[in-house]
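The values are calculated or read from the model by the stated rules, or taken from the named source; none is laboratory data. Small disclaimer: the values here were computed from a predicted structure and weren't measured. Counting neighbours? That spans all protein chains shown, and the Cβs are built from the backbone with ideal geometry, glycine included. For the accessible areas, the whole protein counts, side chains as well, though only heavy atoms, and no ligand, DNA or RNA atoms are used. Shrake-Rupley method; radii C 1.70, N 1.55, O 1.52, S 1.80 Å.
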Amino acid sequence: MSRLGDGLPLDWATDIAVLEHAGSTIEDRGDHLILRTPHNPTFHWGNCVLVTDPEAVDDAQRWVQTFQCAFPAATWIAIGLTRMPENEAAWKVHDLQLEVNEVLVSDTLPRQTTLPPGYVVRRMDGDDWGQAVTLAMAENERTGAHEPASYERFARASAQTERGLSERDVAAFFGAFADGVLVASLGIVRCGTIARYQGVGTDAPHRRRGLSSHLLGVAARWAADRGCNRWVIVTEATNAAGRVYRSVGFEPHAASVQAYRP
């Protein structure tokens, strides 16, 4: 995609490529970008500010005001940063948490693990998208991470976007099913010759059985068959899922920082 060679961090470049596939807009303001996703207005990281100039990262007040001016109706703040700010307290004044994500990359085809017994894996289609919304809502209810009504709007809009990407064969989303019920899923999006994973998740009762690692391999092969030769996945630095990704061949590439108030 157009920004993969612009010197942006690999996670941002592929994030933007995915968003552009989905119809989001990117406004370049010199030392920062404004990302907008009108068809999913409560998608926090589709409606956000990315600070591209490392020298400007420490001006917390400026970036909070920039976000609020760009998104006056937003109830959240989402600002991507190219490095960890020197003064974390300046961000905490605005009730923002500085979060670190880990970017992992594989330049060889991720290892395919065996599907555990009792499950069927297939590319998502038809009524599967409704099940994806149900699964997302159940996980949000379990964690209490987001207000339910707002999150349901986000989940339904996201599923519609993902379905559109899949129907265009720009992306593919795969699910693991137990007795016909979706219990794990992930997606992969083609960004030129780079494949970017999306939305890795497993219903709590079905975790630690190897479903995610199997799906990672299934999706990798789909992308490889369409010309991809590099695979990128991003996870929270504290997320135990990083071990799963390393086990199939991913290696740490970089860390990214974001200032966030949900």
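Packing, taken as the mean count of other beta carbons within 10 Å per residue, orders the peptides 179-192, 55-68 from highest to lowest as 179-192, 55-68. Sequence-distant contacts, meaning Cα pairs under 8 Å at least 6 residues apart, place the relative contact order of the stretch 1-149 at 13 percent. Sorting the segments 169-175, 112-118, 141-147 by their mean number of nearby beta carbons within 10 angstrom, highest to lowest, gives 169-175, 112-118, 141-147.
Checking the a/c ratio against 1.5 first, then a/b against b/c, what shape does the Cα gyration tensor give for the stretch 121-230? It comes out prolate by the Cα gyration axes.
Accessible area per residue for the stretch 1-70 is 41 Å², calculated with a 1.4 Å probe on protein heavy atoms, without ligands, DNA or RNA. For the stretch 92-228, the fraction of 1.4 Å probe accessible surface lying on carbon and sulfur atoms is 49 percent. Here the Karplus relation 6.51 cos²θ - 1.76 cosθ + 1.60, evaluated at θ = phi - 60°, turns the backbone of the stretch 147-162 into coupling constants of 4, x, 5, 5, 5, 4, 4, 4, 5, 5, 5, 5, 5, 5, 5, 4 Hz, with x for every Gly and Pro. The protection proxy used here, the mean number of other Cβ atoms lying within 10 Å of each residue, ranks peptides 81-93, 204-216 as follows, highest first: 204-216, 81-93. Is the shape of the stretch 24-78 rounded, prolate or oblate, going by the alpha carbon gyration tensor and its root eigenvalues a ≥ b ≥ c, with a/c under 1.5 for rounded and a/b larger than b/c for prolate? Taking the square roots of the gyration eigenvalues as a ≥ b ≥ c, the stretch 24-78 is oblate. Under the criterion of Cα pairs below 8 Å and six or more residues apart, the relative contact order for the stretch 138-262 equals 18 percent.
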